[in-house]
Amino acid sequence: MANIKHVGQIINTQRRCVVVFREVPDEEDSCLVVDTDALSDWMHDDVINAVESPGAQASPNFYEYAQRTMFTDGSNMLQTMNARNILQKVKTDNIMMTPNQTSKVKLSELNSIIKENNEGAPVVAPEVDPNQLGMAGKDVSDTITESADPAPAMTTEPTMAPSTEGVLGDAEVAKGMISQAEYFEGEASRLRTEAYALDETLKPKRGRPAKAKTEAVS
């Protein structure tokens, strides 16, 4: 099985999570995660599908992909996780990264390896400052709670309204659509490969198609 980046487990609670920010500036021993076990079904599926997408797997940090993709309700993924208080600060040594069923490494150790390979450069690029996010100042390492749905329904105001802070413009929406298209293209390719492995007769045959036979006209 191929490795999946950004996924792990909160050690002291054994709850599954997605690591959004692998490091918090000025708090290198902390990270921001999403407790996927606490998400509602639709949001859980959206986050997992996003994590497994080619775009997210190509990104060193999940927030880089989340800030340019959308949930199925049309809201920006990173902004929504922040607005709904889903992002949780946890110590990096309390996160066990689980890229596959057999490999495990603490996030603190992984961050150290990444820094060594990048001459001490910060693990998280300064594109987005996690300290500006609502949950960045609240350490929930020992107080993670279970919730069926993190917050009430989203506002009904149009998401494209001009001059509203945090609203996506056409370019951001277009990038999100492209990211979702990349995911579905990759998913379609994977499903075809699995289907052909189960039944090779379904696999299209190469070569020119045979000409249709025509009945002789008497």
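The values are calculated or read from the model by the stated rules, or taken from the named source; none is laboratory data. Being a predicted model, the structure only gives us computed values, none of them experimental. Methodologically, a virtual Cβ is constructed for each residue, glycine included, from the backbone with ideal geometry; neighbour enumeration extends over all protein chains shown.
Residues of the stretch 4-21 being of a type in the set (A, V, I, L, M, F, W, C) and outside any strand (DSSP E or B), which ones? Explain how you work it out, then say what you get.
The first filter runs over the stretch 4-21 and keeps only residues of a type in the set (A, V, I, L, M, F, W, C), leaving 4, 7, 10-11, 17-21.
Within the stretch 4-21, I4, I11 meet the criteria.
Look at (1) buried (at least 19 other Cβ atoms within 10 Å of the Cβ); (2) at pLDDT 95 or above and you find that M96 fails only one, number (1).
Looking only at the stretch 2-29, residues that are closer than 21 Å to S103 by Cα and either of a type outside the set (D, E, K, R) or exposed (fewer than 15 other Cβ atoms within 10 Å of the Cβ) (or both) come to 17 in all. Residues that are modelled with pLDDT under 90, more than 25 Å from A2 (Cα to Cα) and either in contact with a strand residue (DSSP E or B) (Cβ under 7 Å, 6 or more places away or on another chain) or β-branched (V, I, T) (or both) occur at least once in the stretch 114-129.
Yes/no matrix, rows are residues, columns are (1) small (G, A, S); (2) free of Cβ contacts under 8 Å to residues at least 24 places away in the same chain; (3) closer than 12 Å to V19 by Cβ:
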position: D41; (1), (2), (3): no, yes, no
position: Q57; (1), (2), (3): no, no, no
position: A66; (1), (2), (3): yes, no, yes
position: A121; (1), (2), (3): yes, yes, no
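Exactly one residue out of D46, D41, D35 is charged (D, E, K, R) and surrounded by fewer than 16 Cβ atoms within 10 Å (Cβ to Cβ): that is D41.
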